Amino acid sequence: MHRSYQPILPSHNKLLQQKWDDTNYNDHRRRVRSAKSMVDTRAPQTYVHMHLKLKKLQLEEEKMSTIERDNRILLEKMSLVMRTRGRVDNRNDYDYRSLNREKRQKELLRVTRENQQILARITMREPEYSHRKWEQEWQEAEKFMNNIGRYPQNWWKIVEKQRKKKHKRAAKSAPETERAAGGEQKSTEKPTEGEAKPSTENAEETPS
């Protein structure tokens, strides 16, 4: 129902009313398209002398002819130089140098002198804090900590030294015990004639 045509004016037949409305609308659009405006909306008339500036074109042509003439003369000169390889015998070897070199050197000297003065003032300046005083105070604080501490300062280093000493003593005593054990075996065993020589060699190799 909502998709059916809904006329603006009341009518008995909606289909006929729709056809009449479409016809009236099409006639209205045709009359609008064919209507003539009361105001002249056409573009204004254009004049050739306002868009095509002949004097400007003439000046551009003269300028281009001058440029072409100069280029032709330059090209002829370059071709002549390339053909003859140049015939100039008064060469002037000129070393290019800066015009403000002296000024820049003076400015550099002034800056270096000021930097040296600043460095001298910085080095001659005494520090606000004394590191020697700090070192003395730290030594006194360490003494107080050693006095009130349960273990001495750097106690782990002392323990490590004692441990290393024990290892050295054990390493020295080990060869002596091996020698003593080897002497007891010699006294208890009686080697035969064939086995006497290798047993002495083994006894000599054991200390090494």
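Dividing the radius of gyration of the alpha carbons in segment 26-150 by their Kirkwood radius gives 1.61 for Rg/Rh. Label-to-label distance for Lys166 and Glu68 is 11.1 nm, based on points extended 7 Å past Cα in the beta-carbon direction. Simple spin-label estimate for Glu61 and Met38 gives 5.2 nm between the two label positions (7 Å along the Cα-to-Cβ direction from each Cα).
Every read-out reported here was derived from the displayed coordinates using simple, explicitly stated rules and does not represent laboratory data. All values derive from a computational prediction rather than experimental measurement. Cβ sites come from the backbone with ideal geometry, for glycine too, and all protein chains shown count toward neighbours.
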